[in-house]
Amino acid sequence: HDNLNGFIKNTASNFNITEQDRCINIIPLFHVYGIVSPALSSAAVGGSVICVESFEPGEFFRILDELSPTWYAASPAIHQAVAEYAESKGTTPERYALKLIRSGGAPLPMKVAQKLEKHFGAIVVQGYGLTETSGMGKAATADRRTQVSPQATISFLARPHRAQAMSSGATASP
């Protein structure tokens, strides 16, 4: 539990998630990334979460229009579909409230990240992790735009008694 709590606290802090934020959760809740990142990180700060049964681009954009989420997290395949739909509709950043787009599960192609940033004006953040690290082992910080390279990251220690964020390249004492 301490590891999950540390991850949730670090996620909210490092990505500036507050009670004013609303997340659209399109990651299945049977996956640790869907439970911990969008759902629990938002709930822990008093934000709200919009859960959908499955992903469909038209429905996703309807929710963006009607409920104004400020962030979402997804896999690169879903980001690709969102980017293509946004491109086909000529989406502009002024139309939506998104400020953060998180990616995990596989490497996010730079072209997709750039399209998302172009169409939404949001910060696009790539993360890397395993179930054993509560869903994230590394992620770019929210102040870096379209940083999908693991070199520009913060690390999360998977130590139940000392979950904490560290600067890239830093080491921890045992």
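One table, with the values for the structure above:
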read-out: Inverse of mean 1/r across different Cα pairs in the range 1-111, Kirkwood, Å; value: 14.3 Å
read-out: Residues A106 and N5, FRET efficiency given R0 of 25 Å [Cβ-Cβ distance, rounded to 0.05]; value: 0.40
read-out: Heavy-atom accessible surface of the range 3-121: percent carbon and sulfur, 1.4 Å; value: 55 percent
read-out: Sorted largest first, extent of the range 5-53 alpha carbons per principal axis (Å); value: 27, 21, 13
read-out: Kirkwood Rh (inverse of mean 1/r, distinct Cα pairs), the range 47-134, angstrom; value: 13.3 Å
read-out: Chain lengthening between Q20 and S48 when straightened (0.36 nm per residue, less Cα-Cα); value: 9.3 nm
read-out: The range 67-116: proportion of alpha-carbon pairs further apart than 16 angstrom, %; value: 38 percent
read-out: Simple spin-label estimate for E59 and E94 in nanometres, 7 Å along Cα-Cβ; value: 3.1 nm
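The values are calculated or read from the model by the stated rules, or taken from the named source; none is laboratory data. Here the structure is a predicted model, which is why all the values come from computation and not from measurement. Please note: Cβ atoms are built from the backbone with ideal geometry, for glycine as well, and neighbour counts cover all protein chains shown. Areas reflect the complete protein model, heavy atoms only, side chains present, ligands, DNA and RNA absent. Shrake-Rupley method; radii C 1.70, N 1.55, O 1.52, S 1.80 Å.
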